[in-house]
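Visitor: Handing you a structure now.
The values are calculated or read from the model by the stated rules, or taken from the named source; none is laboratory data. Just so it is clear, the model here is predicted, and its values are computed rather than measured. Reconstructed Cβ throughout: ideal geometry from the backbone, glycine too, with neighbour counts over all protein chains shown. These area figures cover heavy atoms from the full protein model, side chains too; ligands, DNA and RNA do not enter into them. Shrake-Rupley method; radii C 1.70, N 1.55, O 1.52, S 1.80 Å.
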Amino acid sequence: MEGMGGERNTNLLGVRHILLVLSGKGGVGKSTICTELALALRHRGHRVGILDVDLCGPSIPRMLRVQDRAVHQCDSGWVPVFVGQDRGIALMSIGFLLERPDDAVVWRGPKKNALIKQFVTDVAWGDLDFLIVDTPPGTSDEHISTVEALRHYKLLGAILVTTPQAVSVGDVRRELTFCKKTGLRVLGIVENMSSFVCPHCSGSGIRDSLLFFLLQECTNIFSKGGGEELAKHAGVPFLGCVPLDPQLSQSLEEGRDFIQEFPKSSAFPALAHITQQILDTSQQSS
Amino acid sequence: MIFCLDMVALLDIDICGPSVPKMMGLEGEQYVEENLGVMSVGFLLSSPDDAVIWRGPKKNGLIKQFLRDVDWGEIDYLIVDTPPGTSDEHLSIVQYLSATHIDGAVIVTTPQEISLQDVRKEINFCHKVKLPIIGVVENMSGFVCPKCKNESQIFPPTTGGAEKMCQNLNVSLLGKVPLDPQIGKSCDSGQSFLSEAPESPAALSYRSIIQSVKINILPLHNCLLHMSNCVNMAPGFCFLLFDPKPQD
């Protein structure tokens, strides 16, 4: 394990902070949190990269509306796909390497590990303030390989995403153990899909972000508070609750910039708050 | 209920994220009711914090052991719950069961394109390994507010949802299950949603899905693979729950 990390590659030396986004369950919103965090950091003037190591189900290219693009080769390796008008977010995903978008990547562990290693060493990221790594659910090949490969770089820590249900929180408890065993710092827990404000019963006049949010009786589609309780129990920071927000899911479907377009929506303050805490942590450690 | 007179076994091969024990309200036991047996790595862990940090080969070894060493007895249906993806667990279970007969796979999705794109991969996986597809279930389709009874699309079907995808790919749509807060609650407390809220729209939908699955597979055959891709969440699983009260 130690011998492999010895050969430090120059491609990641220009990256100041690396963040992993983990969760035990599928469908809890890892890619959503990754995407929105990247956009929020970008709007604050930081240079951001996203590495998508969810090899069997890459979602980020579509969420950023670049699913039709391709990666190119340069002298120092693969050139990531640059997103947005200012080309401010660099993205690498297996989605760019598939011939057809519906092709299934039917690979066992060793093959997945080889590609992850290549993603870590061979992508020409350039200078980045943050590299956010989106992972598949679980604690298996992809996770072990990613942590091993990134160990010798500026790995800031991991963000764990859960939904409020006990079933999902149970998986995050296992993910916490994974972090402990691999020596990965836990930056905090995010509770996604926390509550839902029914647009039909809520008065549309006071749709004013936080105030609106506090005034509403939210319907807790999934039970609420599991993430915060777990964070307390495990002694790790709780980064916040992101409510279910149809505007957020719609933006991700259409590859639109939620952070820029919907500052008044219910999920916005939560995402801004999470971003701020990540920035604070990164400043303390640099 | 529909599965009630049958012997059913449930095998959870989500090694890194076993949810079945919690949803079934099981603590260290493997029989929910006289006619439902369950096996999961969750029963083998000493604490809920234990992480199974295993690479592929070790996971495959355990799956093999589950199939070979568990005394399943005489069962009518073996339902297998898989983790998201198209990798070791999926290849192994199909490979290990190839000597017997697998009736097919039930694939679970949510209505958004972001989820459908993974499900298309899952369908391609089934084609590649020659696994018949029983059909697709669309989960979390629409939310009916318990207060004003109006419906909202929380996960918008921007590309036509599972219905359109099924038409395009020529697979059958088994049904749509609406978001119902009670489903998550039932799963968390290990209760059967179908007996807690038997008249709810979601329960009706589950029942019709179970009916379609049963019509689709011959009763002589005994194995049903339950796959989902990115969305492997609590409610997605529940349609496999059956009424725990046996009928006399």
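Visitor: Averaged across the residues of A:248-257, what count of C-beta atoms belonging to other chains lies within 10 Å of each residue's C-beta?
Guide: Other-chain Cβ atoms within 10 Å of each residue's Cβ, averaged: 4.
Visitor: Taking a 1.4 Å probe, which of B:Phe66, B:Phe43 shows the most accessible area, and what order do the others take after it?
Guide: B:Phe43, B:Phe66
Visitor: So, one more: Assign unit charges at the C-beta atoms only (+1 for Lys and Arg, -1 for Asp and Glu), then state the dipole size of the protein assembly as shown relative to its Cα centre in Debye, rounded to the nearest 20.
Guide: About 1200 debye.
Visitor: Let me ask something else. Sorting A:Arg256, B:Arg120 by accessible area (1.4 Å probe), largest first, what list results? Intermediate values should be presented prior to the final figure.
Guide: Values: A:Arg256 90, B:Arg120 45 Å².
Per-residue accessible area, sorted high to low, gives A:Arg256, B:Arg120.
Visitor: While we're looking at this one, here's another question. Which far-off residues, 5 or more places away or on another chain, put their amide H under 5 Å from the one on B:Met140, with H placed in the peptide plane?
Guide: For B:Met140, whose amide H was placed from the backbone, the distant partners under 5 Å are B:Val177, B:Leu179.
Visitor: Let me confirm one metric for peptide A:175-183, namely the mean number of other chain beta-carbon atoms within 10 Å of its residues' beta-carbons.
Guide: On the way: counts 4, 2, 7, 4, 1, 2, 2, 2, 0.
Neighbouring Cβ atoms belonging to other protein chains average 3 per residue here.
Visitor: Moving on. Ignore the peptide's own chain and count Cβ atoms of other chains within 10 Å of each Cβ in A:130-142; give me the average, rounded.
Guide: 5
Visitor: Report the label-to-label distance for A:Lys117 and A:Glu254 in nanometres (one decimal), using points 7 Å from each Cα along the Cα→Cβ vector.
Guide: Modelled inter-label distance: 4.4 nm.
Visitor: Given charges of +1 on the Cβ of Lys and Arg and -1 on the Cβ of Asp and Glu, with all other atoms neutral, how large is the dipole of the stretch B:49-105 about its Cα centre, in debye to the nearest 20?
Guide: For this selection, approximately 380 debye.
Visitor: OK, next. I'd like the accessible area for B:Met24: 1.4 Å probe, protein heavy atoms, all chains in place, Å² to the nearest 10.
Guide: 10
Visitor: Provide the per-residue ³J(HN,Hα) series for the stretch B:82-91, in order, calculated from phi with Karplus coefficients 6.51, -1.76, 1.60 and θ = phi - 60°, each as a whole number of Hz, with x at glycine and proline positions.
Guide: Running phi through 6.51 cos²θ - 1.76 cosθ + 1.60 with θ = phi - 60° gives 10, x, x, x, 9, 10, 3, 4, 5, 4 Hz.
Visitor: Calculate the dipole size of the stretch A:2-285 relative to its Cα centre from +1 charges on Lys and Arg beta carbons and -1 charges on Asp and Glu beta carbons; express the result in debye to the nearest 20.
Guide: 480
Visitor: If you don't mind, there's one more thing I want to ask. With no solvent and one equal point scatterer placed on each C-alpha of the protein assembly as shown, evaluate the Debye formula and give log10 I(q)/I(0) for q = 0.07, 0.10 Å⁻¹, two decimals.
Guide: Values, matching the q order: -0.36, -0.76.
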